[in-house]
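Since the structure comes first, as structure tokens, the remarks are kept for the end.
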Amino acid sequence: MSDTICVGAISGAFGVHGEVRLKSFTADPEALADYAPLTTEDGSRSFEVQITGAIKGGFAARLSGVRSKEDADALRGTRLFAPRDRLPSLPDDEFYHADLIGLAVYDTGGAELGRVKAVLNHGAADLLELHLPGSSKTALLPFTHAAVPTVDLAAGRIVADPPDGLFE
């Protein structure tokens with residue numbers, strides 16, 4: 001498991017005074033600033049975060065060291081990470097997306113279906129994007145209790161009962 005978790009992303013500048021548009025990936029979106037300082041994925045930059053207001057699709061925020069619109073624009077697309085130990089503990093039936101990436105997925109009979117490539121959410125519910133073994137193709141598996149009854153992080157495996165026809 002990774003020592004850091006992606007908790008947000010910068011989607012560009014907000015205004016002309018160095019504020020950024022910030023998307024939060026935390027369960028309580030406004031808690032994002034509580035996990036600061038946040039770092040870039042490679043750890044090369046660190047930011048204190050002050051949320052200045054809610055805007056469509058996220059928040060306006062000030063980041064330490066970002067003083068101009070140009071500075072803010074240069075950070076567009078930057079994902080922000082927090083150390084795992086600063087984040088809340090999760091109940092047994094909840095998982096950080098980062099912990100699911102790379103896990104092997106097996107059907108209820110023990111046959112390998114693939115490996116988790118990504119966790120996607122397009123509004124309705126989470127989907128596991130699986131890289132199929134021996135193929136360059138992927139499949140989307142609903143990440144519901146019915147379709148994914150078991151996630152065993154310690155064993156590094158997921159047991160799935162996919163809807164009929166999904167893997168045929």
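Here are a few things to note about the model shown:
- Protein accessible area in the chain, 1.4 Å probe - carbon and sulfur %: 49
- Between ASP126 and ILE55, the simple spin-label model (points 7 angstrom out along Cα→Cβ) gives 2.9 nm.
- Subtracting the Cα-Cα distance of SER64 and ARG157 from their residue separation scaled by 0.36 nm leaves 29.5 nm.
- Among ASP34, ASP93, ASP107, the largest mean-square fluctuation in a Gaussian network model of the chain (Cα springs under 10 Å) belongs to ASP93.
- Most mobile listed residue (ALA74, ALA27, ALA36) in the chain, GNM with C-alpha springs under 10 Å: ALA27
- With 0.36 nm allotted per residue and the present C-alpha distance subtracted, the ALA146-LEU166 stretch has 5.8 nm of extension available.
- In loop segments of segment 86-168 as defined by DSSP, the trypsin sites (Lys or Arg not before Pro) with at most 10 further C-beta atoms inside 10 Å of their C-beta are LYS137.
- Anchor LYS23: aspartates and glutamates whose Cα lies under 17 Å away (excluding residues fewer than 8 positions away in-chain): ASP34, GLU41, GLU48, ASP73
- Calculated [θ] (222 nm, deg cm²/dmol) that DSSP helices of n ≥ 4 give over the chain, each run adding -39,500 (n - 2.57): -1000 deg cm²/dmol
- Annotation for segment 40-86: GluC sites (Glu not before Pro) lying in DSSP loop with at most 13 further Cβ atoms inside 10 Å of their Cβ are GLU41, GLU48.
- Projecting label points 7 angstrom from Cα along Cα→Cβ for LYS137 and PHE25 puts them 2.8 nm apart.
- Listed residues GLY134, GLY156, GLY109, most fluctuating in the chain (Gaussian network, C-alpha, under 10 Å): GLY134
The values are calculated or read from the model by the stated rules, or taken from the named source; none is laboratory data. Since this is a predicted model, take the numbers as computed values, not measurements. Quick reminder, even Gly has a Cβ in these numbers, built from the backbone with ideal geometry, and neighbours come from all protein chains shown. In case anyone asks, the SASA skips ligands and DNA or RNA and just uses the protein heavy atoms, side chains included. Shrake-Rupley method; radii C 1.70, N 1.55, O 1.52, S 1.80 Å.
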